1. State, as an integer percentage, the relative contact order of the range 22-230 based on alpha-carbon contacts under 8 Å between residues 6 or more apart.
2. Let me see the P(r) profile for the chain: every Cα-Cα distance counted, bins of 10 Å, each bin given as a percent of all pairs.
3. For the residues THR188, THR200, what sequence is obtained by ranking on other C-beta atoms within 10 Å, fewest first?
4. With a 10 Å cut-off between alpha carbons and a GNM built on the chain, which of GLY29, GLY169, GLY123 moves the most?
5. Consider all pairwise Cα distances in the range 40-145 and report the whole-number % of them above 19 Å.
6. How high is the relative contact order of the range 146-238, in percent, counting Cα pairs under 8 Å that sit 6 or more residues apart?
7. For the range 134-174, count all C-alpha to C-alpha pairs, find those more than 16 Å apart, and express that count as a whole percent of the total.
8. Give me the number: length gained by fully extending ARG79 to HIS124, i.e. 0.36 nm times residue separation minus the C-alpha to C-alpha distance, one decimal in nm.
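Values in this text are rule-based calculations from the coordinates and carry no lab data. Values in this document were obtained by computation on a predicted structure and should not be read as measured data. Here the Cβ is made from the backbone with ideal geometry for all residues, glycine too, and neighbour counts use every protein chain on show.
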Amino acid sequence: MRCWLDSCPKVNRLAYLLLRYEMNVVLLGPPGSGKGTQAELMHERLGFVHYSTGDVFRDHIKRKTPVGYEVKEYVTSGRLVPDSVVIEVMNAFIAEHVGKPIVYDGFPRTIPQAEGFGRVLDGHGLKVDAVVLIDLADDEVIRRLTARRQCRKCKKIYNLTFRPSRKEGICDECGGELYQREDDKEETIRRRLDVYREQTEPLIKFYEDKFKLERIAGELGRDKVFEELKRILETGKE
Ligand code: AMP
């Protein structure tokens, strides 16, 4: 018998498959490699829940919550928030969204976080289904991040060079104000890159030893990277 899905465009078919699975996908890569943009596309087009620890922390800071006070200094200076805080916040998030496909953008960033993550997923009978590294050279990271702007309201990401908003300083989607993140200034970007090389890059080996880690060149640009991501997710599910 022919399934009606056989006649669907590939992306719809993939979205359908993902919606039926509690898929947990980790995006690894240096700051500015496009993890946030890809996670947003996965949310819009494939129905994933987008978990960005950075956005969660910026939101706490904006709302002046106790977590916000605790993490502010780390986030604005580009240093990593202590693992215990990150794991607590992630635990609450997963408990709230369990059962849905989730893409993790900017988490985990250290080996203890990855181990804590594995334990939390295990507790829900889940696992990491795919780990994708979006790689990018340091020069390109700096070029991209100094031109990055983000909407204060809906968090959509723009780039003054290759993805500007239609109206300068205004979000196309919600009319919110676009701003440059405090940690997207060059000096802080260099520190974030150092932190990435020292503390996050070891995760590549960690996940390579445990699963199959897939690599995509961030230089390919938004659309081609997304094509590659879809191909990886689809192969992983069939
Ligand atoms: P991002 O938006 O992912 O670039 O994160 C912005 C900042 O939030 C980072 O520079 C860190 O200070 C903090 N942060 C985000 N995710 C994590 C994480 N998994 N572990 C520790 N700190 C994090």
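1. Over the range 22-230, the number comes to 30 percent.
2. The calculated distribution, bin by bin, is 7, 31, 38, 20, 3, 1, 0.
3. With the fewest neighbours first, THR188, THR200 line up as THR188, THR200.
4. GLY123
5. 50
6. Dividing the mean separation by the residue count of the range 146-238 yields 18 percent.
7. Tail of P(r) above 16 Å: 38 percent of Cα pairs.
8. Gain in length upon complete extension: 13.2 nm.
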